[in-house]
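All remarks here apply to the structure that follows.
The values are calculated or read from the model by the stated rules, or taken from the named source; none is laboratory data. This one's a predicted model, so the numbers in the text were calculated from it and none came from an experiment. Note: ideal-geometry Cβ built from the backbone for every residue, glycine included; neighbour counts use all protein chains shown. The accessibility values were calculated without ligands, DNA or RNA, using every heavy atom of the protein model including side chains. Shrake-Rupley method; radii C 1.70, N 1.55, O 1.52, S 1.80 Å.
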Amino acid sequence: MNAQTELARKILSEYDGPPIRVMEVCGTHTHEIFRLGIRSVLPKQLEVISGPGCPVCVTPAEYIDEAVWLALEKNVTICTFGDLVRVPGSRSSLADARSRGARIQVVYAPEDAMRYAGEHPEEEVVFLSVGFETTTPASCLALQKAEEAGITNFSLLTANKTMPGAYLAMGDSADAFLYPGHVHAIIGTGLCEQLAAENGISGVAAGFTASDLLLAFALIVKKTQEGKPFFVNAYPRVVTREGSPAAVRLVEEWMEPCDSEWRGIGIIPDSGLQLKKKRDVYDARIRFGIPKMDAARPTACRCGEVLQGICRPTDCKLFGKACVPDHPVGACMVSGEGACSAYYQYGGYING
Ligand code: SF4
């Protein structure tokens, strides 16, 4: 253990102040905090709650309905990350659609979908473009490559989201955010400084190793005691103030901000990205005239409250009973990055 990690552990173990509520907004943080046993060395006054950081979990049921409609009504080939296949829509999932004859291809990157389209010119191919700032540049790059290669049977069904709107919407839910290091490696940290200075929202940009996380939590404990809004970049080996201008530029060439619906939370203004008007030809909604979907949500699933830190997965009466990873009821149990999945997998419901 290095000196910095030792100091972080000391700060955490000696803390005897008032309760501190920390919201992590990143599926990888959700899982790494459990997997690395970080909770066991945090002071009991420090409560860690999961926010809307899992891209699959925050994707609304209507979006799945749109993808199912494309696959079944328009005979489109859907290319998607594997997690989305089992996420329930309002009536069915993509897995159900596949059993009814839909062509659903699991890919590992948007470029795989673009390549598939190039190899299958007789099919219309739609990539399900979900995710935050970390994955959106890859979708835009796939479009750029499709354009360069003259691939015309490829388009995106976008549900890309951006974190700043979520931070603002969730600002009152916690004393501090554990900001996702990979998101801020792209967009930089200027926004976090602004949130602290102008909105009184505190947070620490954190990496993903045990040392990174202990340091971040120790900084939150220390800075919270000072009683002023703060931002600290605790992941400077990857995160800079400027972020990645090249990735930001690429996204700006293809997409523009829009209001976006987050599953269980509702519409957050300017928290999504859609293709620019001049890129209409790559927009599956316009290309195929997708009708407006009106989703009826399952009432017993509390994903929306879990994603806002209002309740824990274990507060849902379906958790571990009707809803388990093999038979998920809601998106938070489907996705490998979901809070319900993490609580189930790591037994967080036993040790908090
Ligand atoms: S345990 Fe299942 S049903 Fe309950 S909130 Fe989580 S995903 Fe929804």
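Accessible surface for the chain, divided over its residues, is 43 Å² per residue with a 1.4 Å probe.
Across every direction, the projection of the convex hull enclosing the Cα atoms of the range 1-67 has a mean area of 6.0 nm².
Here the accessible area of the range 24-100 is 44 percent carbon and sulfur, with a 1.4 angstrom probe and all protein chains present. According to the Cα-based calculation, Rg over Rh for the range 139-217 is 1.15, with Rh computed by the Kirkwood formula.
Dividing the Cα radius of gyration of the range 97-191 by its Kirkwood radius returns 1.10 for Rg/Rh. Computed over the range 45-91, the Cα gyration tensor eigenvalues convert (square root of 5λ each) into semi-axes of 30, 10, 7 Å, ordered from largest to smallest. Per-peptide packing, taken as the mean over residues of other Cβ atoms within 10 Å, places 256-264, 32-40 in the sequence 256-264, 32-40 from highest down. Over the range 29-144, the hull volume per residue, using the convex hull of the C-alpha atoms, is 126 Å³. When the Cα positions of 131, 171, 204 are compared along the charge dipole of the range 120-274, 204 comes out farthest toward the positive end, with charges on each C-beta of Lys, Arg, Asp and Glu. Using the Stokes-Einstein relation with a Kirkwood hydrodynamic radius computed over Cα pairs, the translational diffusion coefficient of the range 239-352 at 10 °C and a viscosity of 1.306 mPa s comes to 93 µm²/s. With R₀ fixed at 41 Å, the C-beta to C-beta distance from residue 326 to residue 173 puts the FRET efficiency at about 0.85. Divide by every residue of the chain the summed helix terms, -39500 (n - 2.57) for each DSSP H run of at least 4, and state the resulting mean residue ellipticity at 222 nm, rounded to the nearest 500 deg cm²/dmol. Taken over the chain, the calculation gives -11000 deg cm²/dmol.
For residue 49, the residues whose modelled amide H falls within less than 5 Å of its own, excluding neighbours fewer than 5 places apart on the same chain, are 22, 23, 24. Entry note: the chain has Rg to Rh equal to 0.98, where both radii use alpha-carbon atoms and Rh is the Kirkwood radius.
GNM remark for the chain: springs join alpha carbons under 10 Å apart, and the peak mean-square fluctuation among 323, 26, 332 falls on 323. In this structure, the amide hydrogen of residue 160, modeled 1.01 Å from its nitrogen in the peptide plane, lies closer than 5 angstrom to those of 273, counting only residues at least 5 positions away or on a different chain.
Residues whose amide H lies under 5 Å from that of residue 107, counting only those 5 or more places away or on a different chain, are 80, 81, 82; hydrogens are built 1.01 Å from N in the peptide plane. For the options 143, 156, 72, a Gaussian network treatment of the chain with springs between C-alpha atoms closer than 10 Å singles out 72 as fluctuating the most. Any idea what log10 I(q)/I(0) is at q = 0.20 Å⁻¹ for the range 108-265, Debye with uniform C-alpha scatterers and no solvent? With no solvent term, the Cα-only Debye profile gives -1.21. Calculate how steeply helix 3-14 sits against the longest principal axis of the alpha-carbon atoms of the chain, using the helix alpha-carbon long axis, and give the answer as 0 to 90 degrees to the nearest 10. Helix 3-14 sits roughly 70 degrees off the main axis of the chain. Derived scalar couplings between HN and Hα for the range 303-313 equal 3, x, 6, 4, 5, 9, x, 6, 9, 8, x Hz in order, rounded to whole Hz, by the Karplus curve 6.51 cos²θ - 1.76 cosθ + 1.60 (θ = phi - 60°), x for Gly and Pro. GNM on the chain, alpha-carbon springs under 10 angstrom: the most fluctuating residue among 266, 188, 53 is 266. By accessible area, using a 1.4 Å probe on protein heavy atoms only, the range 146-233 has 49% of its surface on carbon and sulfur. In a fully extended conformation the segment linking residue 41 and residue 138 would gain 31.2 nm over its present Cα-Cα distance, using 0.36 nm per residue.
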